[in-house]
Amino acid sequence: MRAAAFLVVAAVMALARAAHAAHGGVPTVALTEPDYLKWLLDSRQPVVVVDLRSAGDFRRGHLPGAVSVPLGELDRRFAEIPTQPMVVLYCRCPIEEAATAYSFLEAKGYTNHVVLQEGYDGWLKRRYPLTRGPD
């Protein structure tokens, strides 16, 4: 009985999320954890990190190796983002804004991109290193 009730609740929640996304909610995005990105960077795995914050915020501090493509310029500059290897997008913004960038790239044919869960603040919270300057 409990298992059946759980399945019903899970199904309702899944349908609610789908309906929410279909009616202007947050689109579905692939996420990656800050710990996993740190491991990728530390082990020198092929990854492109894209900072969607303003150029000024980028200069004040960004994730190691990140490139700056501010969210407001993404429509003009998306071709600067390679289609391979994995691309990790991050910002210091609500998930809805990162999801907008994710969906935009998906519409342009990108299939290798994810959003950094917790964004810039999640990286800072873990006290992971930052790089300052234009990089």
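None of the figures in this text is laboratory data; all of them are computed from the coordinates on show. In this text, all values refer to a predicted model and were calculated from it rather than measured experimentally. We place every Cβ from the backbone using ideal geometry, glycine too, and count neighbours over all the protein chains shown.
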Amide H within-cut-off set for Val50, under 5 Å, with H built and near neighbours excluded: Val67, Val88, Leu89, Tyr90
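Given the Cα-Cα distance of Ala55 and Ser103 and 0.36 nm per residue of separation, how much length would full extension add, in nm? Please report the intermediate quantities before stating the final value.
Values: separation 48, 0.36 × 48 = 17.28 nm, distance 2.18 nm.
Length difference between fully extended and current span is 15.1 nm.
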Trp39 versus Leu130: modelled label distance in nm, points set 7 Å from Cα along the beta carbon direction: 2.6 nm
Amide H contacts under 5 Å for Gly61, restricted to residues at least 5 apart in sequence or on another chain and with H modeled in the peptide plane, are Gly133
Each residue of segment 109-119 in turn: what ³J(HN,Hα) in whole Hz from Karplus with 6.51, -1.76, 1.60 and θ = phi - 60°, glycine and Pro shown as x? x, 6, 10, 10, 10, 9, 10, 6, 4, 6, x
